[in-house]
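Enquirer: This is the structure I want to talk about, given as structure tokens.
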Amino acid sequence: MPYDSGMLAAVCREVNEAAGARVDKIYQTGREEIIIVLRGQCGTKRLLINAGSSYPRMCFITEQKENPETPPNFCMMLRKHIGGAVFNCIEQLGSERAAKLSFTSRDEMGYTCERALIVEIMNKYSNIILTDTTDESYSWGGKIIGAVKTVDISTSRLRQVLPGMKYEAPPPQNKTDIITVTREEFYESARQSFDMMVRDFLLRTYTGISPLLARELAYISSGGDVDALLGASKADVLWQEFSDVIDIIRGIKEPMPCVICDSHKRPLEFSFRNIGQYGAEYEVKEFSSPSLAVEFFYSERARVDDAAQRGRELNKIMNNAYRRVERKLEALAEDANRSAEGEKYKRWADAITAGIHTLVRGMTEAELVDYSSADCPVINVPLDARLSPSQNAQRYYKLYAKCKTARVMIAEQIEKAKAELRYIESVIDAISRAESDADIAELRHELEAGGYIKSASRSTRSANAKHKKTSRESDAFARYETTNGYVVLCGKNNMQNDLLTMKTASRGDYWFHVKNAVGSHVILVRGGREEPSEVDFTDAAMIAAYNSSLCGGESVAVDYTLVKNIRKPPGSRPGFVTYKTNWTAYVTPDPEHVRAMRRR
């Protein structure tokens with residue numbers, strides 16, 4: 001996990017700046033998350049402590065979180081024991097991801113007492129434990145008063161966390177504490193692991209090292225290879241970087257907190273020191289404090305996860321709709337097969353009419369000549385004994401007419417169902433490429449308009465309408481720039497595709513779309529400039545192929561034409577257009593090149 005020993009040490013140093021502040025308020029904003037509001041000479045600080053298995057962390061936050069109306073029992077216990085207490089200091093347990101916040105408080109009788117809040121940031125084993133440290137006979141943590149997650153013997157035989165028990169530190173790992181390592185010990189350990197990868201050596205030998213940090217030290221010491229062997233790295237450089245980490249944990253050197261974001265601005269990692277292993281394709285955002293870096297990372301990660309969850313919900317809805325239309329097509333195919341029997345009914349009716357003089361009422365079948373066939377075969381025609389020969393003929397003519405009408409209607413229904421399948425495929429493709437909350441909101445608005453999901457509440461509709469207006473005003477299309485500087489705009493969903501092609505693009509611009517597959521509308525904007533070169537056309541075609549369901553293919557066919565050749569049939573679904581006089585380019589999408597062209 002990125003919240004390693006170095007990041008905890010950096011946060012502890014920042015939290016210690018609030019020493020002497022008084023605990024003003026305590027909230028429990030989640031089942032395993034608390035916020036302690038400290039008020040003192042440093043101003044008002046909100047310290048967030050999260051012991052969840054997904055995003056455990058501790059840092060100051062600037063965001064205002066909703067406070068539940070009814071505080072949980074753990075929150076009430078914290079208010080009782082450290083509400084109004086003075087925060088003294090925070091110290092880290094060696095190089096472990098555990099820290100102790102010390103408070104001076106008063107008990108029920110008004111006597112001064114010492115309390116400690118121990119924070120363990122260890123993935124699913126994370127915890128927040130309140131202890132009494134007044135009695136000096138107890139260990140580093142003291143006697144347990146309560147914990148956000150109690151651990152009994154049925155959960156863990158190695159270490160229990162229960163009220164009244166003596167706090168015991170997390171069991172030590174079979175590793176060397178990083179802050180106790182000397183230069184000679186480091187070189188000796190490295191010499192004995194000469195054939196190991198640098199990152200594996202660091203992770204297996206020392207505490208407090210995250211996979212990200214291990215890769216970074218390998219990257220620097222080898223000159224750019226995160227998988228480098230110890231034998232291929234520079235030992236002096238590795239030790240220098242390693243000792244810098246030790247100095248940051250000890251508080252000798254200042255941390256340099258940062259967050260690494262991908263080309264879509266989504267956070268990937270964060271660290272207490274600068275990270276260079278990802279290269280120019282990724283952005284390294286530097287922060288003035290470790291808390292700001294941690295808060296930014298987790299708030300953005302939560303936002304991305306929420307968007308992904310909403311995307312999964314929309315994806316489930318559209319996959320269900322796809323299966324529903326598939327079943328409808330199967331039923332229509334069966335109806336089409338039955339309607340094909342109309343020609344048989346017409347042959348029977350013609351045969352009855354031609355041989356009506358040989359028939360009488362009461363017959364159940366008759367062998368008659370089929371004059372509609374070239375060889376005039378004799379066929380067996382079923383008859384209704386209750387009807388006269390002429391009435392039997394009329395009955396078969398009516399069945400023929402009914403099948404003929406049904407065949408036309410079924411063909412229309414089949415075409416509509418196939419068009420709906422293509423539309424659903426385009427929506428599923430757009431969901432898979434959604435990059436933000438705004439993209440998901442637009443897709444949801446589109447599906448509400450199409451009747452695939454229920455309309456939102458009035459407030460949500462108002463927000464969607466405001467968002468739609470903003471999208472029109474700000475042109476929220478994906479924006480690229482070709483090798484020669486031509487602007488390329490790309491729709492992110494069907495509604496944006498319609499807006500881009502039918503409203504935004506000029507008649508002289510070029511329109512691109514992957515051939516016979518779903519994907520985004522792409523516009524190569526000429527902007528009054530000369531005819532784009534072959535390289536620019538190739539770049540635009542590659543962007544269209546990349547933003548389609550065939551983004552991983554080779555020699556992808558992309559149709560392109562002038563915007564003036566594009567037509568949108570009346571009543572057609574969002575994103576559907578027709579075109580003529582087009583050309584076709586064959587390109588293999590290069591993700592790195594396309595991302596390098598991305599500007600927004």
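Enquirer: Run the numbers on segment 178-298 and let me know its relative contact order in percent, using alpha-carbon pairs under 8 Å that are six or more apart.
Expert: 19
Enquirer: Could you give the length gained by full extension between Asn337 and Cys376, i.e. 0.36 nm per residue of separation minus their alpha carbon distance, to one decimal place?
Expert: 11.5 nm
Enquirer: Among the lysines, which fall within straight-line cross-link reach of Lys234, defined as a Cα-Cα distance under 29 Å, with same-chain neighbours fewer than 8 residues apart omitted?
Expert: Once the sequence-local lysines are set aside, what remains near Lys234 is Lys175, Lys253, Lys285.
Enquirer: Turning to a different aspect of this structure: Dipole of segment 476-597 (Lys/Arg Cβ +1, Asp/Glu Cβ -1, origin at the Cα centre): which of Pro591, Val558, Gly519 lies farthest to the positive side?
Expert: Gly519
Enquirer: If I fit a long axis through the Cα atoms of helix 5-15 and take the longest principal axis of the Cα atoms of the chain, what angle between them do I get, 0 to 90°, rounded to 10?
Expert: Roughly 70 degrees, rounded to the nearest 10.
Enquirer: Another question, if that's okay. Give Lys416/Lys564; Lys25/Lys45; Lys316/Lys568; Lys45/Lys143; Lys328/Lys418 a once-over and call out the pairs whose C-alpha atoms are over 21 Å from each other.
Expert: The pairs that break the limit, which is 21 Å between Cα atoms, are Lys416/Lys564; Lys316/Lys568; Lys45/Lys143.
Enquirer: Next question, about the same structure. In square nanometres, what is one fourth of the surface area of the convex hull spanned by the alpha carbons of segment 409-459?
Expert: Across all orientations, segment 409-459 yields a mean hull projection of 4.3 nm².
Enquirer: Could you tell me the center-to-center distance, by alpha carbons, between segment 366-421 and segment 92-152 in angstrom?
Expert: Segment 366-421 and segment 92-152 have Cα centres spaced 87 Å from each other.
Enquirer: For Lys402, go through the lysines and keep the ones whose alpha-carbon is under 18 Å away, minus same-chain ones fewer than eight residues off.
Expert: Hits, sequence-local ones excluded: Lys344, Lys346.
Enquirer: What relative contact order, as a whole-number percentage, does segment 476-597 give when Cα pairs under 8 Å and 6 or more residues apart are counted?
Expert: Reported as a whole number, the value is 27 percent.
Enquirer: State the label only: which of [x] 28.1; [y] 26.1; [z] 44.6 corresponds to mean projected area of the Cα convex hull in nm² computed from the shown model?
Expert: Evaluating mean projected area of the Cα convex hull in nm² on these atoms matches [z].
Enquirer: Relative to the longest principal axis of the chain, what angle (0 to 90°, nearest 10) does the C-alpha long axis of helix 183-192 take?
Expert: Taking the Cα atoms of the chain, the angle to 183-192 is about 40 degrees.
Enquirer: First measure r as the distance between the Cβ atoms of Lys404 and Asp437, then evaluate 1/(1 + (r/R0)^6) with R0 = 51 Å and state the FRET efficiency to the nearest 0.05.
Expert: The value I calculate is 0.45.
Enquirer: How high is the FRET efficiency from Ala411 to Lys344, r the C-beta distance, R0 30 Å, rounded to 0.05?
Expert: 0.95
Enquirer: By counting other Cβ atoms within 10 Å of each Cβ, how are Ser54, Ser189 ranked from fewest to most?
Expert: Lowest count first: Ser54, Ser189.
Enquirer: Roughly how big is the chain's charge dipole about its Cα centre, with Cβ charges of +1 (Lys, Arg) and -1 (Asp, Glu), in debye to the nearest 20?
Expert: 2640
Enquirer: Using 7 Å Cα-to-Cβ label points, what is the Leu203/Ser53 separation (nm, one decimal)?
Expert: 2.1
Enquirer: How do His264, His521 rank when sorted from fewest to most other Cβ atoms within 10 Å of their own Cβ?
Expert: His264, His521
Enquirer: A follow-up question, please. Which distance in nm do the two modelled labels at Gln41 and Ser555 give, with both placed 7 Å along the Cα-to-Cβ direction?
Expert: 7.6
Enquirer: Related question: Apply 1/(1 + (r/R0)^6) to the Cβ-Cβ distance of Thr180 and Thr150, taking R0 = 35 Å, and write down the FRET efficiency to the nearest 0.05.
Expert: 0.60
Enquirer: For the chain, take the longest principal axis of its alpha carbons; what is the angle in degrees between that and the long axis of helix 389-432, to the nearest 10 within 0 to 90?
Expert: 20
Enquirer: While we're here: So if I place +1 on the C-beta of Lys and Arg and -1 on the C-beta of Asp and Glu, and nothing else carries charge, what would the dipole magnitude of segment 54-136 be about its Cα centre? I want it in debye, nearest 20. Walk me through the numbers before you get to the answer.
Expert: On the way: 9 positive and 12 negative charges, 55 e Å.
That gives a dipole near 260 debye.
Enquirer: Binning at 5 Å from 0, report for segment 127-170 what percent of all alpha-carbon pair distances ends up in each bin.
Expert: Binned Cα distances yield the sequence 5, 27, 33, 23, 9, 3, 0.
Enquirer: Where Rh is the Kirkwood radius over the Cα pairs of segment 476-597, the temperature 25 °C and the viscosity 0.890 mPa s, what D in µm²/s does Stokes-Einstein return?
Expert: Here the translational diffusion coefficient equals 175 µm²/s.
Enquirer: May I pose another question? Per Stokes-Einstein, at 20 °C and 1.002 mPa s, what whole-number D in µm² s⁻¹ belongs to segment 5-147, with the Kirkwood radius over Cα pairs as the hydrodynamic radius?
Expert: Rounded to a whole number, D works out at 141 µm²/s.
Enquirer: Counting other beta carbons within 10 Å of each Cβ, put Glu313, Glu446, Glu420 in order, fewest first.
Expert: Ascending number of Cβ neighbours within 10 Å: Glu313, Glu420, Glu446.
Enquirer: Output the relative contact order of segment 282-396, whole-number percent, from Cα pairs under 8 angstrom with separation of 6+ residues.
Expert: 19
Enquirer: Distance from a point 7 Å along Cα→Cβ of Ala19 to each backbone N in segment 78-99: keep the residues under 18 Å and list them by number.
Expert: Under cut-off, by backbone N: 85-94, 99.
Enquirer: Met109 to Val535: extension gain in nm, 0.36 nm per residue of separation minus the Cα-Cα distance?
Expert: Computed gain between Met109 and Val535 is 145.2 nm.
Enquirer: Between Tyr586 and Arg598, how many nm apart are label points set 7 Å from Cα along the C-beta direction?
Expert: In this crude spin-label approximation the distance works out to 2.9 nm.
A short reminder: the numbers here are calculations on the coordinates, not readings from a lab. Computed from a prediction, not measured in an experiment: that's the story for all the values here. Virtual Cβ from ideal backbone geometry, glycine too; neighbours counted across all protein chains shown.
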